[in-house]
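These notes concern the structure reproduced below.
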Amino acid sequence: MAASRIVFLMYHELELAGRKLCQSEPGYMRYILPVETFRSQMAWLKASGWRGLNVSEALRYPAGPGVCITFDDGCETDLIAAAPVLREFGCNATFYLTAGFLGTPGYLNSNQVRELDEQGFQIGCHSMTHPYLSDLTKPELEREVVGAKLQIEAIVGHSIEHFSCPGGRYDQRTLQMARRAGFASVANSQSYANSSGTNPYELGRVAMLRNPTLAEFSATCHGRGLWKKRLQQQTRLSVQRALGNRTYDHLRAVLLGRRSG
Ligand SMILES: [Zn+2]
């Protein structure tokens, strides 16, 4: 892979033995990796000479093999499960927090956010209440993008520069709002690698799913096979657009529930 092309990985809550997850429906579980799986991926990165970068580092597109590591939602496992593993293997990461979830069961509280920040990890913003941003009125959007930024900045005491879109949904208004709020980048959930030519307000990310093999993980880091995921996503997006987010989510829950028995 050319040095200037970097895959951004998107993680969520990690599963720890004996610990209750924030949510349990099949649509959520798809994105939950056991901490051991995450650890084997980070071990693979280190053994293969790859760097794990946060978003600011990745946006400088450094030479040499590297991936950008991101987490969405601000679950407590960011600090108690992911951070120790990242430190063990010398990786950095960006944790995008949902401001309104902080301090609720299963999510980070303000002290824990400061601890992650002090450990040298990057804190980003993932909205106030986790809605689909493309469904909102302008004042609602402002609260989700600008209000959330201010709230997280008040916790860490410095500026927050990176935003990720809940459920990957956004429109041009969202991007304009983020830019005006002072965000330097916006990440979505579409499976493409980024390069210095990519618009920083439309950074692709690859969702890390529950049970990948290390061979699949390696292929993803190299950016191989992303076009296939992208094609599936585009089909899904056009169905979402045709049905509307609410109907689509209902159908998806029904179908996933059936598949998992
Ligand atoms: Zn999310």
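Just so it is clear, none of the values below were taken in a lab; they were calculated from the coordinates. None of these values were measured; they are calculated from a predicted model. As a convention, Cβ positions derive from the backbone with ideal geometry for all residues, glycine included, and neighbour counts pool all protein chains shown.
Give the percent of DSSP beta bridges with both residues in the chain that are antiparallel, rounded to the nearest 5.
Details: 3 of 25 bridges.
Just about 10 percent of them are antiparallel.
A straight Cα-to-Cα reach below 19 Å connects residue 20 with the aspartates and glutamates 36, 72, 73, 76, 78, residues fewer than 8 places away in its own chain not being considered. Helix screen, the chain: DSSP H segments with Cα axial length of 15 Å or more and mean Kyte-Doolittle hydropathy at least -0.5 are 35-47. Residues whose amide H falls under 5 Å from that of residue 107, counting only those 5 or more places apart or on a different chain, are 76, with hydrogens built in the peptide plane. Taking amide hydrogens as placed 1.01 Å from N in the peptide plane, the amide H of residue 123 sits under 5 Å from those of 95, each at least 5 positions away in sequence or on another chain. The lysines whose alpha-carbon is closer than 28 Å to the alpha-carbon of residue 149, local same-chain residues fewer than 8 away aside, are 138.
Shown for region 126-261 is the translational diffusion coefficient from the Stokes-Einstein equation, using the Kirkwood radius over Cα pairs, a temperature of 10 °C and a viscosity of 1.306 mPa s: 96 µm²/s. For the chain, the 222 nm mean residue ellipticity estimated from helices alone, with every DSSP H stretch of n ≥ 4 adding -39500 (n - 2.57) and the total spread over all residues, rounds to -11000 deg cm²/dmol. If you run the Gaussian network model on the chain, springs between alpha carbon atoms under 10 Å, then out of 151, 41, 240 the most flexible one is 240.
Sparse packing (at most 13 other Cβ atoms within 10 Å of the Cβ) combined with a DSSP loop state is found for the following trypsin sites (Lys or Arg not before Pro) in region 163-261: 210.
Near residue 135: Cβ cut-off under 14 Å, other residues only, Lys/Arg at +1 and Asp/Glu at -1. The net charge is +2.
Report the percentage of all Cα-Cα pairs in the chain whose separation exceeds 29 Å, rounded to a whole percent.
On the way: 8809 of 33930 pairs.
For the chain, the share of Cα pairs beyond 29 Å comes to 26 percent.
Just how large is the dipole of region 1-134 about the Cα centre, in debye to the nearest 20, putting +1 at every Lys and Arg Cβ and -1 at every Asp and Glu Cβ? Display every interim value, and only then the final one.
Working: 10 positive and 13 negative charges, 80 e Å.
Result for region 1-134 is approximately 380 debye, rounded to the nearest 20.
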